[in-house]
Amino acid sequence: MDSLTLEVLGWLFVAGLTGGFVDSIAGGGGLISVPALMMAGMNPVAALATNKAQAMFGSFTATLTYARKGHVNIADMKWAIAFTATGSIIGTILVQVLASDVMTQIIPFLLIGAAMYFLFGPKIGEIDRHHYLEQLPFYAIFGLTLGFYDGFFGPGTGSFWTLVFVAVLGFNMLKATAHTKVVNFTSNFTSFLFFAFAGHVLWIPALVMAGGQLIGARLGANTAMKHGTRVIRPLLVTVSLVITAKLVYDDPDNILHKLVIGWFS
């Protein structure tokens with residue numbers, strides 16, 4: 001790409017670093033990286049494919065950082081990885097032939113619900129609580145569902161994973177965040193493979209942003225482990241609401257978009 005000057009690549013590095021930092025704590029790093037890639041002149045498919053390529057470096061780095069400190073045991077997540085990868089494969093295949101209109105209508109409401117859950121539950125996620133499902137059925141249900149969602153659509157996947165880890169498995173917030181990174185990496189890597197084989201990944205910007213991701217994800221994971229719920233909860237709420245606002249703003253046919261326009265007109 002002729003537009004990839006050193007200055008543009010420098011900004012992409014910064015976008016990767018910032019996205020990796022945010023994503024390792026609360027998810028939503030794609031809100032930073034995808035627009036940056038499109039502003040660099042990429043078409044939407046190339047931007048999404050390149051984003052998956054660079055994002056997997058951040059989710060992998062965050063996973064290792066959390067694992068080394070004992071917040072997640074990757075060996076115990078074999079079923080999570082298997083079901084999430086399966087769901088992601090199905091979603092990545094179907095997104096090429098099906099429209100995502102239904103997703104754009106439903107997801108903003110779910111993200112608002114997730115934000116409210118974390119915002120108004122003052123004790124939620126501070127300590128481990130009773131779980132409502134055993135891990136095998138939990139990963140079968142949510143691994144397939146959220147893996148499919150990440151492959152098919154994507155925005156807010158990290159927030160949804162953290163929500164179900166806290167609400168259904170009873171994890172504390174830091175533990176939920178650490179486990180979220182494992183399944184995030186799984187769906188990122190699976191989608192990346194399909195995009196790469198199809199020739200959609202632009203490698204130079206992907207590798208430049210990956211360098212930023214490696215630094216940002218490590219900084220973000222260490223920040224989350226140091227400050228815990230005090231950082232994770234407000235960032236989760238903020239990211240969920242920002243993703244909602246972007247989805248609604250970008251889609252004039254969205255129900256919430258019409259309600260907001262109607263309210264102010």
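Every read-out reported here was derived from the displayed coordinates using simple, explicitly stated rules and does not represent laboratory data. Bear in mind the structure is a predicted one, so any value in this text is a computation, not a measurement. Backbone-built Cβ (ideal geometry, glycine too); neighbour counts: all protein chains shown.
At a glance:
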{"quantity": "Summed residue charge, Cβ within 14 Å of Gly20's Cβ, Lys/Arg positive, Asp/Glu negative", "calculated": "+2"}
{"quantity": "Contact order relative to length of the chain, as percent, for alpha carbon pairs under 8 angstrom and 6 or more apart", "calculated": "37 percent"}
{"quantity": "Stretch gain in nm, segment Ile112-Met38, where the contour uses 0.36 nm per residue and the Cα spacing is subtracted", "calculated": "24.0 nm"}
{"quantity": "Region 6-264: radius of gyration over Cα atoms, expressed as a fraction of 2.2 N^0.38 Å", "calculated": "0.95"}
{"quantity": "Sorted largest first, extent of region 1-69 alpha carbons per principal axis (Å)", "calculated": "43, 23, 16"}
{"quantity": "FRET efficiency, 1/(1 + (r/R0)^6) with R0 41 Å, evaluated for Lys78 and Gln105 via beta carbons", "calculated": "0.75"}
{"quantity": "Where labels lie 7 Å past Cα in the beta-carbon direction, separation of Phe197 and Lys246 in nm", "calculated": "2.8 nm"}
{"quantity": "Over 26 Å between alpha carbons, listed pairs Lys52/Lys226; Lys175/Lys246; Lys181/Lys246; Lys181/Lys226", "calculated": "Lys52/Lys226; Lys175/Lys246"}
{"quantity": "Burial ranking of peptide ranges 168-176, 227-235 (average Cβ count within 10 Å, highest at the top)", "calculated": "168-176, 227-235"}
{"quantity": "Gain in span if fully extended, Val260 to Tyr132, counting 0.36 nm per residue against the direct Cα distance", "calculated": "42.4 nm"}
